[in-house]
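Report on the following structure.
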Amino acid sequence: MVVVKIAFILCVGLVGIWAHSHQSKELDAKYNWWQHEVFYQIYPRSFQDSNGDGIGDLQGITSRLQYFKDTGITSVWLSPIYESPMVDFGYDISNYTNIQPEYGTLEDFDALIARANELGVKVILDFVPNHSSNKHPWFIKSVAREPGYEDFYVWENGTLLENGTRVPPNNWLSVFSGSAWMWNEERQQYYLRQFTYGQPDLNYRNPAVIKAMDDVMLFWLNRGIAGFRIDAIIYIYEDAQLRDEPVSGTTDDPNNEAYLSHIYTRNQPEDYGLLQHWRQLLDNYTASHEGPLRIMMTEGYASVAQLMEYYEDSNGVQGPEFPFNFDFITELNANSTAADFVFYISRWLIYMPHGHVANWVMGNHDNPRVASRFGEKSVDAMNMLLMTLPGIAITYNGEELGMTDYRDISWSDTVDQPACEAGIDSYNTISRDPERTPMQWSSDLNAGFSSANRTWLPVNPNYKELNLHNQQQARRSHYKIYQSLLKLRQMPVLRNGSFVPEVVNRRVFAFKRELKNEHTLLTIVNVQNRTELVDIADFIDQPNRLVVLVAGVDSPHRMGERLKAEAIELAPNEGLVIQLNKRK
C-alpha cells in the first residue's frame with residue numbers, strides 16, 4: 001500500500017513537472033520568440049515578379065516562401081507594400097490600408113500570410129508614420145481645410161519680408177537637400193516635409209492623427225502580422241516653437257542637410273511617449289488575441305544614448321522591443337581596425353538596459369551592401385560575426401549570397417528620387433538604386449527574378465555567376481555557409497551564452513560565447529586584407545581542443561579540422577567559428 005502511494009505521488013509529481021515545463025515552453029514560444037530571431041528584410045519591388053511586368057509583387061514573395069523554410073529563416077520583414085504614387089518607392093503612402101496595385105491586392109496579402117503560417121514564417125510590416133503622400137485623402141482634405149483635417153499636417157504661414165517676399169518660417173532643411181518647407185498655393189501656407197516634396201509630415205500633436213494611425217496598426221494586426229518595423233521614428237516630432245537650428249560647421253553647402261545640427265527636428269522627447277503608446281497597443285492586442293507577442297522594432301539613426309531610451313525610459317516604461325543598431329553600417333567599414341569592431345560591439349552591450357536584447361543590422365536598402373562596404377572577401381566573416389553575436393540578427397535580401405552593388409546603373413535607368421534630383425553629374429554618388437537591384441535567384445533571364453523584357457531596375461550583370469542556384473549546387477558557397485550559421489544559432493551557447501571579446505592585434509579580434517555545461521564557441525575575424533598568424537592560447541584558457549565548425553568559401557581550413565591555439569593562420573578577411581572541446 002505504501003509503495004502504491006509513493007508511486008502515485010511520484011507520478012503526480014512528474015506530471016506536474018511536465019505540465020509546468022510544457023507551459024513554460026509555450027509561454028516562451030509566445031512571448032520570447034523574437035529574442036534570438038533572424039529577421040530577413042524583403043524589398044518587395046526587387047524580390048520576385050510573378051506577372052512579368054518587371055516589378056516584384058506579393059504573389060512573387062508567396063511563391064518564394066519555401067526558400068525561407070529551406071534556409072532556416074522564420075521571420076521576414078516587408079518594406080512598404082501600401083498604395084503609393086512611388087515618389088519614394090512606397091515610403092510615400094496614399095492609402096495605409098490598401099496594397100499598391102503593382103504589388104497585388106489585399107487578397108494576395110492574405111494568401112501570403114496564410115502560406116507563411118503554414119511554413120512557420122512570421123511576417124513583419126514596415127510602418128511609415130512620420131509622413132504620408134501628398135496624394136493621401138488626409139492631405140487633400142487638410143489643404144482644403146476640411147473640418148477635422150485642418151491640422152492633420154504641420155502647416156505654417158512663413159514670414160513676409162518688407163519687400164513682399166514670403167519665406168519659410170525657419171531654416172530647417174530636408175534630408176534630401178533644400179528647405180524642409182514647401183509652399184502650397186491652394187492653402188496659402190507652407191507644409192513641413194522632412195523628406196521629398198511628396199511626403200508631408202503628419203502632425204502628431206493632433207490626437208486625431210494618433211487615433212488614425214492606431215487604427216491602421218489594428219487593421220494590419222487583424223490580418224495576421226506579427227508586428228511592425230517603425231520607419232524614421234526620430235523625425236516624428238519637431239520643436240513646437242519652430243526655432244532655427246544652429247549651423248554644424250561640417251559643410252559650407254547651405255542646402256545640404258548636414259549644414260545644420262538637427263537639435264529641433266530629430267529625436268525630440270515626445271518621440272519616446274508615442275512609441276510607448278504603440279507598445280501598449282501591441283501588448284494589449286497580444287493579451288486579447290491568440291498567437292505570438294506582436295512586436296515593434298524601430299529605425300532611427302541617433303546617438304547610442306538616445307537609442308537606449310527607446311528600450312525603456314528612466315522610469316522603466318517600455319518602448320519598442322528593440323531599436324535598430326546600425327553601427328555596422330554607420331561606424332564600421334573596410335578600413336576599421338579590430339579594436340574598432342570590439343569597441344562598437346561592446347558599446348551597445350554596455351549601454352543597453354538590463355533585461356533587453358541586442359540586435360545587429362548588417363545591411364539594408366538604403367546603404368551599400370556588405371560585399372561592397374567591407375569587400376567581397378569579407379562576406380562570410382561578416383555573416384559569421386552577425387550570426388554568433390548575442391541577440392537578434394537582421395539580414396537584407398541577397399546578403400546571404402554576397403550580392404554586390406551595381407554601381408554602373410545609367411542616368412537613364414536611375415529611379416531613386418534623391419539621385420534624380422541631384423542631376424546627371426552627381427547622381428551616382430548618392431543613388432540607392434545600386435543596392436536595390438533584383439534578387440539573383442539563378443542564371444536564367446533576369447536572374448530568375450522576372451520574365452519581363454525590362455525590369456524596374458537593371459539586374460546586376462554578375463548574376464550569371466553569382467546566384468542562389470549556383471550556390472546551392474556548389475560544394476562551398478556563401479549561401480551554404482549562411483545556412484550552416486542559422487543551424488548553429490540553435491545551440492544553447494549562442495542563444496544564452498555570455499560574451500567575452502578580445503582584441504588579438506590591430507587586425508584580428510575574437511570573442512567567446514560561454515554557457516555552463518556547454519562547449520564554448522569562439523569566433524575569430526581578420527578584418528584586413530593580409531594573412532595573419534595569431535596566438536590565442538591565453539584568451540581561451542588552455543587546455544582545449546579547437547575544432548573548426550564554420551569556415552569561409554576561400555578558407556584554407558575545413559569543418560572538423562583541429563587547430564593549435566598558439567598558431568592560427570587566418571587568410572585575408574577570413575573568419576572562423578571554432579568549438580572549444582575540453583581535453584579529458
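What the table below lists for this structure:
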| quantity | calculated |
| --- | --- |
| Percent antiparallel among DSSP beta bridges (both partners in the chain, rounded to 5) | 65 percent |
| Cβ-derived FRET efficiency at R0 30 Å, residue 500 paired with residue 284, nearest 0.05 | 0.15 |
| Projected-area mean, region 39-80, by convex hull of Cα positions, square nanometres | 2.8 nm² |
| In sequence order, calculated HN-Hα J values of region 302-311 (Karplus, 6.51, -1.76, 1.60; Hz; x Gly/Pro) | 8, 5, 4, 5, 5, 5, 5, 5, 5, 4 |
| Reachable lysines from residue 582, criterion Cα separation under 16 angstrom, eight or more residues apart if same chain | 512, 516, 564 |
| Vicinal HN-Hα couplings computed from phi for region 107-117 (Karplus, 6.51 cos²θ - 1.76 cosθ + 1.60; Hz; Gly/Pro x) | 5, 5, 5, 4, 5, 4, 4, 4, 5, 4, 4 |
| Under-5 Å amide H pairs with residue 248, H placed in peptide plane, nonlocal only | 260, 261 |
| Efficiency of FRET between residue 239 and residue 306 - r from beta-carbon atoms, R0 22 angstrom, step 0.05 | 0.90 |
| Under 19 Å from the Cα of residue 69 - lysines, other chains or at least 8 residues apart | 122, 480, 487 |
| Value of [θ]222 nm, deg cm²/dmol, for the chain, DSSP H segments ≥ 4, -39500 (n - 2.57) each, nearest 500 | -8500 deg cm²/dmol |
| Region 31-123 - convex hull of alpha carbons, volume per residue in Å³ | 106 Å³ |
| Residues of region 36-61 with amide N under 20 Å of a point placed 7 Å along Cα→Cβ from residue 219 | 44, 58-59 |
| Extension gain (nm, one decimal) between residue 317 and residue 518, 0.36 nm per residue minus Cα-Cα | 68.8 nm |
| 10 Å beta-carbon shell around residue 428, net charge (K/R +1, D/E -1) | -2 |
| Debye log10 I(q)/I(0) at q = 0.11, 0.24 Å⁻¹ for region 348-444, Cα point scatterers | -0.43, -1.17 |
| Straight-distance crosslink candidates among lysines, where the alpha carbon sits under 23 Å from residue 211 and sequence neighbours closer than 8 are dropped | 135, 141 |
| Within region 455-545, GluC sites (Glu not before Pro) in DSSP loop having at most 13 other beta-carbon neighbours inside 10 Å | 465 |
| Residues residue 357 and residue 547, FRET efficiency given R0 of 30 Å [Cβ-Cβ distance, rounded to 0.05] | 0.55 |
| Residue 445 versus residue 350: modelled label distance in nm, points set 7 Å from Cα along the beta carbon direction | 5.7 nm |
| Label-zone membership for region 435-465, site residue 412, 7 angstrom Cα→C-beta point, backbone N under 19 Å | 453-461 |
| Contour minus Cα-Cα distance for residue 30 and residue 462 (0.36 nm per residue) | 151.3 nm |
| Length added when fully stretched, residue 426-residue 197, from 0.36 nm per residue minus Cα-Cα | 80.4 nm |
| J(HN,Hα) series, region 436-447, from Karplus relation 6.51 cos²θ - 1.76 cosθ + 1.60, nearest Hz, glycine and proline x | 10, 5, x, 4, 9, 7, 7, 8, 6, 3, 6, 6 |
| Residues of the chain: accessible area per residue with a 1.4 Å probe, Å² | 42 Å² |
| Fraction of accessible area attributable to carbon and sulfur, the chain (%, probe 1.4 Å) | 51 percent |
| Ratio Rg/Rh, restricted to the chain and using Cα atoms, in which Rh is the Kirkwood radius | 1.00 |
| Sum of side-chain charges, residue 140 neighbourhood, beta-carbon under 10 Å (Lys, Arg +1; Asp, Glu -1) | 0 |
| Neighbourhood charge, 10 Å Cβ-Cβ cut-off, centred on residue 343 and excluding it, Lys, Arg +1 and Asp, Glu -1 | -2 |
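The values are calculated or read from the model by the stated rules, or taken from the named source; none is laboratory data. A quick note: this is a predicted structure, and the numbers were derived from the prediction, not measured. Neighbour counts are summed over all protein chains in view; Cβ atoms, including those assigned to glycine, are modelled from backbone coordinates with ideal geometry. Only protein heavy atoms, including side chains, enter the accessible area calculation; ligands, DNA and RNA are left aside. Shrake-Rupley method; radii C 1.70, N 1.55, O 1.52, S 1.80 Å.
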